[in-house]
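Contents: one structure, followed by commentary.
The values are calculated or read from the model by the stated rules, or taken from the named source; none is laboratory data. All values reported here derive from a predicted model rather than from experimental measurement. Glycine also receives a Cβ, built like all others from the backbone with ideal geometry; neighbour counts cover every protein chain displayed. Heads up: the accessible areas ignore ligands, DNA and RNA and are worked out on the full protein's heavy atoms, side chains in. Shrake-Rupley method; radii C 1.70, N 1.55, O 1.52, S 1.80 Å.
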Amino acid sequence: MGEMEQMKKEAEALKTQIEAARKAAHDTDMASAASGVAPAPRVQLKTRRTLKGHLAKIYAMHWCTDNRLMVSASQDGKLLIWDSHTGNKVNAVPLKSSWVMTCAYAPSGNLVASGGLDNMCTVYNLKTPVIKTVKELDAHTGYLSCARFLSDTEILTSSGDTTCVLWDLETGKQKTVFLNHVGDCMCLSLSPDMNSFVSGACDSLAKLWDIRDGQCKQTFQGHTSDINAISFYPSGNAIITGSDDCTCKMYDIRADQEVISYQDAALNSGVTSLDLSASGRLIFAGYDDFNCNIWDSLKGEKVGVLSGHDNRVSCTGVPGDGMCVCTGSWDSFLKIWN
Amino acid sequence: MSNNSASGLVSLQKSVKQLRNEAGIRRIKVSQAAADLKTFCLQNAHKDPLLMGVPSSDNPFRPPKSCALF
């Protein structure tokens, strides 16, 4: 008993030490530091494409690195590959389990992955004459919330079992298991240099992980509910999170703390998804209230809104060249805006 | 009972180790972090189509205006 008490005391002391160190570094916040920056222009984007084809709620979408093709996942039990320029469907992948929650496009364009309540991540080859399932990654004990390819041989997944896993696609086995969250992991984002990733979970924490040594390097707190969406800032030094607490936040990695919160008293819907414009200046955040709000990441002000969906915006994605933003919704449509 | 306290202790040991690691990192001042973020954003602004606006001639999502010949 004595040892437990001692450990608890040490844990409390360390938490106090971390808070004090963060406070000491907190000589300003992002909005104050950006007070001299010219406001972002009022952003008025138009719907350029409405992609119709899914027969049920869309849960996820992901752009291919060619900035033209994209994959979407719906609980109608299909992955659809779209040519965003023409609006045509290029491929349809029937899923064994229709309870899909995530999809991903490999950087090479050769593979796509999906997963959900089946607790598995299934990887498909798009380049064989007939689309083939190449791997079923089966070791999570909870739903698959997000998947991201590092290459054609490695994929990262996050799960409702509170872990994230790095898989070897050649063997189909787990290479590294990232253990530290105490709530369902809901989302993940790879750093631009691919050496680390961040995860958001239902424990309201975001964590930064080293991909190679499997360690949790930093933990970011501040949200008061599940973190559903997360993305690295293009510079690699900050992350943006979106939560059921109706706010988005920016955490700076080197300052190890929250530097700005994106919120509005009139907004009382949870954030489901988010992505950033090419420079990081604009945050596109999808909400349960059917809208996608656009935030000035430096000044914390709302600068626009994408309205047009008839149900929750469940996924948001900006392609690598930053030319547009795609929103996917429970109304079964995807819209492309710029 | 003893099993519970053993696993509770292991779990607590892991938490303390994690907290020690996180406490030991070097932190920079928010003013420096914010300045760097600002600089990055502003330097890349001209390469941000959604921020700058996409001219219709360069917009792959906008059909080029067709010419009517009479």
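Summary of values
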item	result
5 angstrom amide H check on A:A201, placed H, neighbours 5+ away	A:M186, A:I227
Protection proxy ranking, peptides A:188-199, A:9-20, A:311-322, average beta carbon neighbours within 10 Å, highest first	A:311-322, A:188-199, A:9-20
Fluctuation leader among A:T327, A:T133, A:T247 - chain A, Gaussian network, Cα springs under 10 angstrom	A:T133
For peptides A:164-175, B:8-19, A:72-83, sequence by mean Cβ density within 10 Å, most packed first	A:72-83, A:164-175, B:8-19
Karplus 3J(HN,Hα) series, Hz, for segment A:177-184 with 6.51 cos²θ - 1.76 cosθ + 1.60 (x for Gly, Pro)	10, 9, 10, 5, 5, 10, x, 3
Accessible surface of the protein assembly as shown, 1.4 Å probe, proportion on carbon and sulfur as whole %	51
HN-Hα J in Hz across segment A:65-76 - Karplus 6.51, -1.76, 1.60, θ = phi - 60°, x for Gly and Pro	5, 7, 6, 10, 8, 8, 10, 10, 10, 9, 6, 7
Within 10 Å of each Cβ in A:291-302, the average number of Cβ atoms from other chains	1
Other-chain or far-sequence residues with amide H under 5 Å of A:K135's (modelled H)	A:V123
Whether the protein assembly as shown is rounded, prolate or oblate, judged on the alpha carbon gyration tensor where a/c under 1.5 counts as rounded	oblate
Relative packing of peptides B:29-35, A:26-32 - highest average C-beta neighbours within 10 Å first	B:29-35, A:26-32
Per residue value of the accessible surface for chain A (all protein chains in place, 1.4 Å probe), Å²	38
Shielding by partners, peptide B:38-46 (average Cβ within 10 angstrom, other chains)	6
Chain A, relative contact order [Cα under 8 Å, separation at least 6], %	14
From phi via Karplus (6.51, -1.76, 1.60), per-residue ³J(HN,Hα) for segment A:108-125 in Hz, x at Gly/Pro	6, x, 7, 10, 10, 9, 8, x, x, 6, 7, 6, 10, 10, 9, 10, 10, 9
Global form of segment A:1-116, assessed from the alpha-carbon gyration tensor, a/c cut-off 1.5	oblate
Nonlocal amide H pairs with A:L51, under 5 Å, H built at 1.01 Å	A:L334, A:K335, A:I336
Segment A:252-338: C-alpha gyration tensor shape, a/c 1.5 cut-off, then a/b vs b/c	oblate
Shielding score for A:249-255, defined as the mean number of other chain Cβ atoms within 10 Å	5
Solvent accessible area, Å² - A:D66, 1.4 Å probe, full protein context	70
Estimated dipole of the protein assembly as shown in Debye, rounded to 20 [Cβ of Lys and Arg +1, of Asp and Glu -1, Cα centre]	880
Gap separating the Cα centres of segment A:1-53 and segment A:54-122, nearest whole Å	31
